[in-house]
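What follows is one structure encoded as structure tokens, with my remarks underneath.
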Amino acid sequence: MIEQHAEELMGMSPQVRVMVTCAVIIVAYLVDFLCCRLLIPVIRKIAVKTAFKWDNYITNGKVLHNVFHLIPPITFLVALPLLFPEDALWKSLAVKALYIYITVVFCMLICEFISSLYAISSESDTLKNKPMKGVYQMLKVIVVFVSVIIIIGVLINKDFTALLAGLGAMATVLMLVFKDTILGVVAGVQLSAHDMLRPGDWIVLEKYNVDGVVEDVTMNTVKVRNWDKTITTIPPYVLVSDSFKNWRGMRESGGRRVARSIRIDMNSIRFCTREELSRFAGKEWAEGMSMEEGTVNLKLFRVAVEHYLRSLSGVNSNLMLMVRQFEPTSEGLPVQFYFFTVAKDWVPHEHLASDVMEHIIAFLPEFGLRAFQKPSGLDFFNLNLKFDRQNPSIFENI
């Protein structure tokens, strides 16, 4: 049948062949246009009604468009030998152009399909927190690279497999040219496999002044928005070769740590008087304690603060909570308040920590304690005023 049609076409005049060729091209592109305008919306409506979600991503992208865009070149490639059986220079050039066109469209088709796979994985409960964008980008690079090799083989009439074999000798040069890309892909795989980094993680990398939330992880860069609203981009392999702090563990735990200290003036640390012991005995925090002579006011202060912290709804009492001392210094005795707030976001965490510290500082005089503070200029002025009252000019300057 095909040979019979070929013989009939050979008997046609050149003008008729050109007209038939134009008709084939018009019909092919008309089919492509109708499929894109009429068939694709129908397919998308069917995909939306299915129980699966992955088909929505494939049909909503440009995958189907690229599939139908293959109809015209493939149709003309099949019809070209039938319309023009004789060999000619323009025919070989047309065949090469069609092969290049098909390769480009097919490359776009595969890249769009990879993009759809990335969108599907981003919605998956298992993969949505994985930095998979770099892996999909590398797949696209491989597809484009193979497509370029095929196009070069078509242009120089060489088999693309032979070209790929010849590129083995250029492996060293390619490794130097694509060194950052290769390191980025390997680092991305390590970060994903060991679950070291996810988009949305708060990381700190002091060496590069990075302190913020990871916004994007690609094949070549990791984009971090710092808390001062600046954006820092670093190569992925830096996160593998250097150490960095990831605050994800804090967000997934039961609270965020507060470890703040007050330096107590050691001259204010003393034994409690009988009046103080009797007054403290009726307090809720002193229940079960024996108020004996020789009880130090700092000990009662520590007990009272721990009870106060455990009574706060914003403090997670199930995690570590303690009031401890550090080694005394020339600036007093450091007393640290170590606890975890239920709120993990920065603003409510800092608000609660500030409220607690303000309450504790105001709590000190009740136990006869004083916070250590270096004297200021006003302190020296008041001291000078106290011992120089005979000079009336000082009072005039107040």
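Considering only the stretch 114-137, I want to know if a residue exists there that is at pLDDT 80 or above, assigned to a helix (DSSP H, G or I) and of a type in the set (D, E, K, R).
No, there is no match, as no residue in the stretch 114-137 is at pLDDT 80 or above, assigned to a helix (DSSP H, G or I) and of a type in the set (D, E, K, R).
Answer yes or no: is there a residue in the stretch 82-89 that is surrounded by fewer than 17 Cβ atoms within 10 Å (Cβ to Cβ), of a type in the set (A, V, I, L, M) and either within 23 Å of ILE156 (Cβ to Cβ) or at pLDDT 80 or above (or both).
yes
Would you check which residues across the stretch 189-215 are open to solvent by 40 Å² or more (accessible area, probe 1.4 Å) and of a type in the set (Asp, Glu) and list them?
Within the stretch 189-215, ASP195, GLU206, ASP211, GLU215 meet the criteria.
Let me confirm something: among GLU252, GLU287, GLU292, which residue is at pLDDT below 90, under 46 Å from the mean Cα position of the chain (by Cα) and surrounded by fewer than 18 Cβ atoms within 10 Å (Cβ to Cβ)?
Details: GLU287 fails: under 46 Å from the mean Cα position of the chain (by Cα); GLU292 fails: under 46 Å from the mean Cα position of the chain (by Cα).
Only one candidate qualifies: GLU252.
Test each condition in (1) on the phi > 0 side of the Ramachandran plot; (2) out of contact with any strand residue (DSSP E or B) (no Cβ under 9 Å at 6 or more places or on another chain) for SER311 and report the one that comes out false.
Condition not satisfied by SER311: (1).
Residues are listed down the side, and each one gets a yes or a no for (1) of a type in the set (Val, Ile, Thr); (2) closer than 19 Å to GLY184 by Cα; (3) touching a residue at least 40 places away in the same chain (Cβ under 8 Å):
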residue	(1), (2), (3)
VAL214	yes, yes, no
PRO235	no, yes, yes
ASN246	no, no, yes
ARG263	no, no, yes
PHE271	no, no, no
PHE280	no, no, no
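Does LEU309 satisfy being under 17 Å from GLY254 (Cα atoms), hydrophobic (A, V, I, L, M, F, W, C) and part of a helix (DSSP H, G or I)? Before the answer, list the steps.
Working: under 17 Å from GLY254 (Cα atoms): yes; hydrophobic (A, V, I, L, M, F, W, C): yes; part of a helix (DSSP H, G or I): yes.
Yes; evaluated as a whole, the condition is true for this residue.
Based on what the data block shows, is GLY168 modelled with pLDDT of 65 or more and in a helix (DSSP H, G or I)? Please lay out each step first, then the result.
Values: modelled with pLDDT of 65 or more: no; in a helix (DSSP H, G or I): yes.
Spelling it out, it is not the case that GLY168 is modelled with pLDDT of 65 or more and in a helix (DSSP H, G or I).
Go through the residues of the stretch 140-156 one by one and say whether even a single one is modelled with pLDDT of 70 or more, farther than 22 Å from PHE113 by Cβ and not in a helix (DSSP H, G or I).
Keep residues of the stretch 140-156 that are modelled with pLDDT of 70 or more, which gives 140-156.
If we keep only those that are farther than 22 Å from PHE113 by Cβ as well, we get 152-156.
Keeping just the survivors that are not in a helix (DSSP H, G or I) gives none.
No, because not a single residue in the stretch 140-156 is modelled with pLDDT of 70 or more, farther than 22 Å from PHE113 by Cβ and not in a helix (DSSP H, G or I).
In the stretch 255-270, what residues are loosely packed, with under 13 Cβ neighbours inside 10 Å and under 27 Å from MET196 (Cβ atoms)?
Within the stretch 255-270, just ALA259 meets the criteria.
Out of everything in the stretch 282-299 that is in contact (Cβ under 8 Å) with a residue 24 or more places away in the chain and in contact with a helix residue (DSSP H, G or I) (Cβ under 9 Å, 6 or more places away or on another chain), what residue ends up being nearest to LEU312 (Cα to Cα)? Even if it seems obvious, please write down each step before you answer.
If we filter the stretch 282-299 for residues that are in contact (Cβ under 8 Å) with a residue 24 or more places away in the chain, which is where we start, we get 295-298.
Within this subset, residues satisfying the condition of being in contact with a helix residue (DSSP H, G or I) (Cβ under 9 Å, 6 or more places away or on another chain) are 295, 297-298.
On the way: THR295: 26, ASN297: 23, LEU298: 21 Å.
Top of the filtered list is LEU298.
The values are calculated or read from the model by the stated rules, or taken from the named source; none is laboratory data. Since this is a predicted model, take the numbers as computed values, not measurements. Note that each Cβ is placed from the backbone with ideal geometry, even for glycine, and that neighbours are counted across all protein chains shown. Note: areas computed on protein heavy atoms with side chains; ligands, DNA, RNA excluded. Shrake-Rupley method; radii C 1.70, N 1.55, O 1.52, S 1.80 Å.
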